[in-house]
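The next block holds one structure in the form of structure tokens; read it before the comments.
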Amino acid sequence: MRHIWHVFNALTLANAVLMVAADDTASRVLHGIATVAFAVATIATRPPRPGKRP
């Protein structure tokens, strides 16, 4: 569970690729929304950087 952000990173990238490869506008919009959602989840679950104070 520590590295769940790797999963969100992979899902963000996969959705971005699917968004570009989508055939119609509705698919592009849905993949775009999913890309943004997974990007937010990636940022929210990112572990703290070493040397940075909270």
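At-a-glance table
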{"quantity": "Portion, in percent, of the accessible area of the stretch 11-54 that falls on carbon or sulfur, probe 1.4 Å", "calculated": "70 percent"}
{"quantity": "Relative contact order for the chain, counting Cα pairs under 8 Å that sit 6 or more residues apart, in percent", "calculated": "43 percent"}
{"quantity": "Read-out P(r) over Cα pairs in 5 Å bins from 0, in percent, derived from the coordinates shown; its label in (1) 4, 23, 26, 19, 13, 8, 5, 2, 0; (2) 5, 22, 23, 17, 13, 9, 6, 4, 2, 0; (3) 4, 23, 38, 27, 8, 0", "calculated": "(2)"}
{"quantity": "Label point 7 Å beyond Cα of ALA44 along Cβ direction - residues of the stretch 1-37 with amide nitrogen under 11 Å", "calculated": "37"}
{"quantity": "Backbone HN-Hα couplings from phi across the stretch 3-19 [Karplus 6.51/-1.76/1.60, Hz, Gly and Pro as x]", "calculated": "10, 5, 5, 5, 5, 5, 4, 5, 5, 4, 5, 4, 5, 5, 5, 5, 5"}
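The values are calculated or read from the model by the stated rules, or taken from the named source; none is laboratory data. These numbers were taken from a predicted model, which means no experiment stands behind them. Using ideal geometry, Cβ is built from the backbone for each residue, glycine included, and neighbour counts are taken over all protein chains shown. For the accessible areas, the whole protein counts, side chains as well, though only heavy atoms, and no ligand, DNA or RNA atoms are used. Shrake-Rupley method; radii C 1.70, N 1.55, O 1.52, S 1.80 Å.
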